[in-house]
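Bear in mind these aren't lab numbers, they're just calculated from the coordinates by the rules spelled out. Since we're looking at a predicted model, the values are computed, not measured. Cβ sites come from the backbone with ideal geometry, for glycine too, and all protein chains shown count toward neighbours.
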Amino acid sequence: MTNYKLLLLPGDGIGPEVMAEVEKVIGFLGQAGIAAFETEHDLVGGCAIDAHGVALTDAALARADAADAVLLGAVGGPKWAEVAYEIRPESGLLRLRKDLGLFANLRPAICYPALADASALKRELVEGLDIMIVRELTGGVYFGEPKEITTLPDGSKRAVDTQVYTTGEIERIAHVAFDLARKRSGRVASAEKHNVMKSGVLWKEVVTRVHQADYADMALEHVLADNCAMQLVRRPKQYDVLVTDNLFGDVLSDVAAMLTGSLGMLPSASLGAVDAKGSRKALYEPVHGSAPDIAGRDLANPLAMIGSLAMALRYSFGLGEAADLLDGAITDALANGARTRDIAAEGTQALGTAGMGDAVVAALKARIA
Ligand code: IPM
Ligand code: MG
């Protein structure tokens, strides 16, 4: 068995609790001879600010760069609300994404049969839902310059964020979306706002060109991002692969998350370009945040974090079977009635974070027995 090097960055809030459940699963996969990992820990976010004065040290970044994959819990919280913008907890995560070149963020929104009633939408609208949001992650308004607040002569202020995209950035994310769709339904929807943004005009033009050049046999639909948000709550199953920019992807993936029952269900993979050796930098994290209101109380749902490990097995280590096994164990645990507070029906008994981790490990055991 190859020994994969994983860097674990639990971060803040519920991050350490959900990461502890992933470590249980990692322990089990090793014991069972399914996949062996060598794990290291480091700090990111508010806890790194407390320890080192920055949200990510150069040493932690170097470890992330050297690892086969990084698993991250969550960053941020009210404790760091007053720190300077440049060193805020989120800057650690953004630096990891940018400096490791993780431009492709895959956010699958799957509605598990057992959870169709936990969704904010009616069962028939979400049952069987399986959308893959492909969010561009290292460009756009998150990183565009200038990004500043200046003082005007009259003493009032002026804030600027810059939305920038180049042909190359759009091309490479379009390729990721079409390549994924090829293995799924063959349908891609691309969301932008070409009606008001120049970056939207270029986005639409480049995605159209990539489609015609290399994927003409597949179906491409363009949708305005605001309309897309509406369609996601109106008739979400019309989408398969949805490709969009960094900011629209942030918003639309939170919408998609609620379709699945809870923000606590969505894993994600952030991938870099494939290098000459066929490997790529990768970071896996839940879509949810640090949820400071429930942190430390054994209330968080660890399934998005455990699902992120399943994505690592699939996308970083080529262990598709092990990934299917783990995804299957999550499905089984839910089918067996395991529920954390966020997905439990009103008035029913819910498991804690650790209880849900145990339920997934028990389901894994049952599957390989
Ligand atoms: C996400 C989060 C981050 C983002 C924050 C924590 C910086 O909301 O991954 O969706 O905006 O990208
Ligand atoms: Mg977000």
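How much of the DSSP beta bridge set in the chain is antiparallel, as a percent to the nearest 5?
Bridges in the chain are about 40 percent antiparallel.
Tell me the mean residue ellipticity at 222 nm calculated for the chain from its helices only (DSSP H runs of n ≥ 4, each -39500 (n - 2.57), averaged over every residue, nearest 500).
-13000 deg cm²/dmol
Evaluate E = 1/(1 + (r/R0)^6) for Ala62 and Glu321, where r is the Cβ-Cβ distance and R0 equals 41 Å; express this FRET efficiency to the nearest 0.05.
Efficiency for this residue pair is about 0.80.
So which residue, out of Ala189, Ala338, Ala219, gets the largest mean-square fluctuation from a GNM of the chain using Cα contacts under 10 Å as springs?
Ala219
Mind checking which of Ala32, Ala312, Ala350 has the largest fluctuation in a GNM of the chain, springs on alpha carbons under 10 Å?
Most flexible of the set in this elastic network: Ala32.
Note the per residue figure in Å³ for the convex hull of the C-alpha positions in the range 105-213.
It comes to 162 Å³ per residue, whole-number rounded.
What percent does the relative contact order of the chain come to when contacts are Cα pairs within less than 8 Å and at least six residues apart?
So the answer I get is 21 percent.
I need the peptides 8-20, 160-172, 109-121 ranked by packing, meaning the mean over residues of other C-beta atoms within 10 angstrom, with the highest value on top.
For the peptides 8-20, 160-172, 109-121, the packing ranking is 8-20, 109-121, 160-172.
Let a ≥ b ≥ c be the square roots of the eigenvalues of the Cα gyration tensor of the chain; is it rounded (a/c under 1.5), or, if not, prolate (a/b larger than b/c) or oblate?
Since a/c stays below 1.5, the shape of the chain is classed as rounded.
Which of the helices in the chain, when you take each full DSSP H run, stretch at least 15 Å along the axis at their Cα atoms and have an average Kyte-Doolittle score of -0.5 or higher?
Passing helices, by number: 15-31, 167-182, 198-214, 246-259, 303-315, 320-335, 353-368.
Holding the Cα-Cα limit at 29 Å, pick out from Lys98/Lys277; Lys183/Lys277; Lys79/Lys237 the pairs that are longer than that.
Lys79/Lys237
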